[in-house]
Amino acid sequence: MAPSCEVVRLPPVPKDRLSEAQRRGVRELLRITPVIDELGARFRAAGEEIALVGGSVRDALLGRLGTDLDFTTSAPPERVERLLAGWADATWDIGRAFGTIGARKGDWSVEITTYRSDVYEPDSRKPEVTYGDSLEGDLARRDFTINALAVRLPDRVFVDPYGGLTDLVAGVIRTPGRPEDSFNDDPLRMLRAARFASKLGFAVAPEVVDAMRRMADRITIVSAERIRDELVKLILGDHPRAGLELLVDTGLADHILPELPKLRLEVDEHHRHKDVYEHTLTVLEQAIALEHRLPGGGPDFITRFAALMHDVGKPKTRRFEPGGKVTFHHHEVVGAKMTAKRMRALRFPTDQIEAVSRLVELHLRFHGYGTGEWTDSAVRRYARDAGPLLDRLHIVTRADCTTRNRRKAAALQRAYDHLEERIERLAAEEELRNIRPDLDGNEIMEILGIQPGPLVGRAWKHLLEFRLDKGPQDKETAREELLRWWREQPEYQEAHDQR
């Protein structure tokens, strides 16, 4: 039996809402009948138990079950493999260390895990996997009541020992037993609570929040990779602001994303009615609302995380000027470095680190545009510097406007509309995103009579700048400019003196 814990007193959930969730669950189970009936029959014939479990049951009750199905079983991994042989189209054992065997059957992807409980030793960064002996014991060790749900197969008996269905309908995240015990077993569950708040828009029960606040420092024993994966899922949820606010309010963010809570004390020079923390969360929400502008739509982690981190350099660059003015000069440069450092600590891939930090570095560039004073050369550089991130930069820059002054907001939108129109026009004329000098490296070496080396690269970069300034040029004009540049170089003077 699960330990008792203080509970949130909620008004009774109307029976019609419970019934509707049950009807959705039945409809979803009917849709996956070929999978669950066949697996249930195979395992029962072998004398083993098997049940659809956790997120799959939760999502079925929400009417959002996908093609990835989770099962739990009494059978050890080796026996699961034998039982899947001849039924699955393919199997894999990448999760064997955690008791999980994966398989594919048609369009369905299944993971079958032996009854288990993952427990951390006080100072361990890796959970110790221990197999259990019953479905009820497996459910007792689940993170939240909404995930401690199962459907026994093949009879399709609904198992809900901790009131998960009621919590699901009420929109509450609660642990099966005492939250302190749950978080002590696996501290990552604290971060998962915030992730589910983001994914489902549910409220986290007060006793769970209190436990998260008291035990926040225990998250430090969890590996950076596991924290990263949960953080990405949180950011990509439908309600990331709710999850992030929970991380900050409980102190978890101090350990995994300390740059965020540090923004609460800063005053933004453009938005004096808000602190930078509130401004940042608003920018994130506005960026999400603009994701439809991306070629692939959303959710997009790179855009969202850049919006979240765009002002993290402000605390380090804050200066108090005469007259009470507060400035944050070069916060975008400092913020880009801080963003890269944090993402490296969380073991993000290099390409994601470079993309997010580059967007943070560039997010303020537009503010020099004014009412369109930039030359075509400046517009070319803006697009070139953004490169493949240009569509994301458009979103982050637009989202950064949170002023309540309607006239100012409208003026900023018009200015950015104008900039985008100019970029599109120049792109059509010059293939802007793939812009190259008018002479390639071989032509440069032939004209100057030089061998491959750093000098060729310097000449290439000069011709690129020349094209950005002047636009596309014919070969003869580019050749004349190359020779003019060459006559000013030390290497030319040395060669001339030797003659």
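The values are calculated or read from the model by the stated rules, or taken from the named source; none is laboratory data. Just so it is clear, the structure is predicted and the values come from calculations on it, not from any experiment. Virtual Cβ from ideal backbone geometry, glycine too; neighbours counted across all protein chains shown. The area values use the complete protein model at the heavy-atom level, side chains included, leaving out ligands, DNA and RNA. Shrake-Rupley method; radii C 1.70, N 1.55, O 1.52, S 1.80 Å.
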- Note on the structure: Low-density loop trypsin sites (Lys or Arg not before Pro), the range 345-403, at most 14 other Cβ within 10 Å, DSSP non-H/G/I/E/B, are Arg347
- Scaled by the rule-of-thumb 2.2 N^0.38 Å, the alpha carbon Rg for the range 18-111 gives a ratio of 1.08
- Task: Report the equivalent ellipsoid semi-axes for the range 259-409 in whole Å, largest first, defined as the square roots of five times the eigenvalues of the gyration tensor built from alpha carbon atoms.
- Result: 23, 20, 16
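In deg cm²/dmol and to the nearest 500, what is the mean residue ellipticity at 222 nm of the chain if only DSSP H runs of at least 4 residues count, each as -39500 (n - 2.57), divided by the residue total?
-16000 deg cm²/dmol
May I ask for the percentage of alpha-carbon pairs in the chain that lie more than 36 Å from each other? All intermediate terms of the calculation are to be shown ahead of the outcome.
Values: 59261 of 124251 pairs.
So the portion of pairs separated by more than 36 Å is 48 percent.
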- Accessible area, probe 1.4 Å, largest first, for residues Phe43, Phe158: Phe158, Phe43
- Using a Förster distance of 22 angstrom, determine the FRET efficiency expected from the C-beta separation of Asp469 and Arg365, and round it to 0.05. 0.80
- Calculated diffusion of the range 361-499, Stokes-Einstein form, Kirkwood radius summed over Cα pairs, 4 °C and 1.567 mPa s, µm²/s: 75
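Please give the contour-minus-distance gain from His292 to Asp181: 0.36 nm per residue of separation, less the Cα-Cα distance, rounded to one decimal in nm.
35.7 nm
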- Value of relative contact order over the range 136-293, rounded to a whole percent, pairs C-alpha under 8 Å and six or more apart: 17
- Query: For Ile450 and Asp133 in the same chain, what is the full-extension length gain: residue separation times 0.36 nm, less their Cα-Cα distance, in nm?
  - Reply: 106.5 nm
- Semi-axes (Å, rounded, descending) of the ellipsoid equivalent to the range 193-246 per its C-alpha gyration tensor are 18, 16, 7
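Averaged over every viewing direction, what's the projected area of the C-alpha convex hull for the range 370-450? Give it in nm², one decimal, please.
Numbers: hull surface 26.8 nm².
Mean projected area of the Cα convex hull: 6.7 nm².
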- Note on the structure: SASA check, Tyr382, accessible area w/ 1.4 Å probe, all protein chains in place, rounded to nearest 10 Å², comes out at 0
- How high is the relative contact order of the range 18-84, in percent, with contacts defined as C-alpha pairs under 8 Å that are six or more residues apart? 36
- Task: Describe numerically, in nm with one decimal, the distance between label points set 7 Å from Cα along Cα→Cβ at Arg384 and at Leu30.
- Result: 6.2
- Note: the range 91-248, point scatterers on Cα, Debye, no solvent; log10 I/I(0) at q = 0.08, 0.10, 0.14 Å⁻¹ equals -0.24, -0.38, -0.78
- Item | Sequence of His363, His418 from largest to smallest accessible area, 1.4 Å probe | His418, His363
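Can you tell me the accessible area per residue over the range 208-349, all protein chains present, probe 1.4 angstrom, in square angstrom? Please report the intermediate quantities before stating the final value.
Numbers: 6080 Å² over 142 residues.
For the range 208-349, the per-residue accessible area is 43 Å².
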